[in-house]
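> The structure that follows is given in the form of structure tokens.
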Amino acid sequence: MSCVTGATETIDHLFFVCPFASHCWRTLNFTWYNSIHIEDRLYHGRIDNGQDFLTEAMMIAAWEL
């Protein structure tokens, strides 16, 4: 299934940039640095939100997305 925006379904788009994904992360009170590489983005997410919470949130988000 493709995004309603018509964007190419990359991992970055699916998990971070897609409007639905962005909404899910905002609901969890996450802010991602979309201008940096995905590995660095996850590193900052771990620092900003804590390792345990990030792991749980990523599992929930992956299921929903």
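> Taking volume of the Cα convex hull per residue in Å³ as the quantity of interest, determine which of [x] 89; [y] 58; [z] 81 was computed from the displayed structure.
For volume of the Cα convex hull per residue in Å³, the calculated option is [z].
> Here's a follow-up. Per residue, how many Å² of accessible area does the chain show with a 1.4 Å probe?
72 Å²
> Gain in length, His23 to Ser35, computed as 0.36 nm per residue apart minus the alpha-carbon separation, to one decimal in nm? Don't jump to the answer; show the numbers that get you there.
Details: separation 12, 0.36 × 12 = 4.32 nm, distance 1.76 nm.
Result: 2.6 nm gained on full extension.
> Under a Cβ-only charge scheme (Lys and Arg +1, Asp and Glu -1), can you give me the dipole magnitude of the chain about the Cα centre, in debye to the nearest 20?
Computed about the Cα centre, the dipole is about 140 debye.
> Can you give me the relative contact order of the chain as a percent, contacts being Cα pairs under 8 Å and 6 or more apart?
Value for the chain: 31 percent.
> Relative to the present Cα-Cα distance, how much length would full extension add between Leu14 and Tyr43 at 0.36 nm per residue of separation?
The Leu14-Tyr43 span can extend by a further 8.6 nm.
The values are calculated or read from the model by the stated rules, or taken from the named source; none is laboratory data. The model shown is predicted, which means the values in this text are computed figures rather than measured ones. Cβ sites come from the backbone with ideal geometry, for glycine too, and all protein chains shown count toward neighbours. Quick note on the areas: whole protein, heavy atoms, side chains included, nothing else; ligands and nucleic acids left out. Shrake-Rupley method; radii C 1.70, N 1.55, O 1.52, S 1.80 Å.
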